[in-house]
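*Asks:* Provided herewith is a single structure, encoded as structure tokens, for subsequent inquiry.
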Amino acid sequence: MAPNTNGWFIRRCKVNYYGSDFSRSTTQSLAECMALCVKNNLDPSSATFFYAVTWVYGGPQGTYANYCWLKDKVPATISYDMMESAMLVLSTQLLRRGSETLLMRMHSLTSKTWLLTNNRAKDRVEG
């Protein structure tokens, strides 16, 4: 969960969601990066909804690629040291915002995540 947001994410260590970089900011942790994602999604003036983040920590924040990267899609993943990624799956604050389009987006994303998680659990049980 992203601190102080009620935003639930699936966290992936040593993974980069490659591409779909819409915005970048300096943060000191993946948790701060996830909180920034939810904060931006809650902003009524924001026209962009962010579904995922990648936090790069190979050096000082704000240098080279060392940023919190907000993603407007959930792209494919690649393994990469010094990166952590997270995909937003549920936020009660976002649901309370009352936007029908936002609810449809969250439902679609949550359904896809549930199917992915359910299939993985099924593979573990049957395998």
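*Asks:* What is the number of the single condition among (1) crowded, with 16+ Cβ neighbours inside 10 Å; (2) over 20 Å from THR77 (Cα atoms) that ALA31 does not meet?
*Replies:* That leaves (2) as the condition not met.
*Asks:* Taking SER79 and the conditions (1) among the polar types (S, T, N, Q); (2) modelled with pLDDT under 90; (3) surrounded by fewer than 17 Cβ atoms within 10 Å (Cβ to Cβ), which numbered condition does it fall short on, given that it satisfies the others?
*Replies:* (2)
*Asks:* Does ASN41 satisfy being in contact (Cβ under 8 Å) with a residue 40 or more places away in the chain and farther than 20 Å from ILE78 by Cβ? It would help to see each step written out before you state the result.
*Replies:* Numbers: in contact (Cβ under 8 Å) with a residue 40 or more places away in the chain: yes; farther than 20 Å from ILE78 by Cβ: yes.
Spelling it out, ASN41 is indeed in contact (Cβ under 8 Å) with a residue 40 or more places away in the chain and farther than 20 Å from ILE78 by Cβ.
*Asks:* With LEU36, LEU90, LEU94 as the choices, which residue is at pLDDT below 90 and assigned to a helix (DSSP H, G or I)?
*Replies:* Details: LEU36 fails: at pLDDT below 90; LEU90 fails: assigned to a helix (DSSP H, G or I).
Exactly one residue qualifies, and that residue is LEU94.
*Asks:* It is to be established whether one or more residues within the stretch 47-54 are assigned to a strand (DSSP E or B) and either open to solvent by 30 Å² or more (accessible area, probe 1.4 Å) or more than 18 Å from TYR18 (Cα to Cα) (or both).
*Replies:* Looking only at the stretch 47-54, we keep the residues that are assigned to a strand (DSSP E or B), and these are 52-54.
Then keep just the ones that are either open to solvent by 30 Å² or more (accessible area, probe 1.4 Å) or more than 18 Å from TYR18 (Cα to Cα) (or both); that gives none.
No: zero hits.
*Asks:* Still on this model: Based on what the data block shows, is THR110 among the β-branched types (Val, Ile, Thr) and at pLDDT below 50?
*Replies:* Working: among the β-branched types (Val, Ile, Thr): yes; at pLDDT below 50: yes.
So THR110 fits the description; yes.
The values are calculated or read from the model by the stated rules, or taken from the named source; none is laboratory data. What you see is a predicted model, and the numbers here were worked out from it, not measured in a lab. Here Cβ is always computed from backbone atoms with ideal geometry, including for glycine, and neighbour counts include all displayed protein chains. Surface accessibility is based on the protein's heavy atoms, side chains included, excluding ligands, DNA and RNA. Shrake-Rupley method; radii C 1.70, N 1.55, O 1.52, S 1.80 Å.
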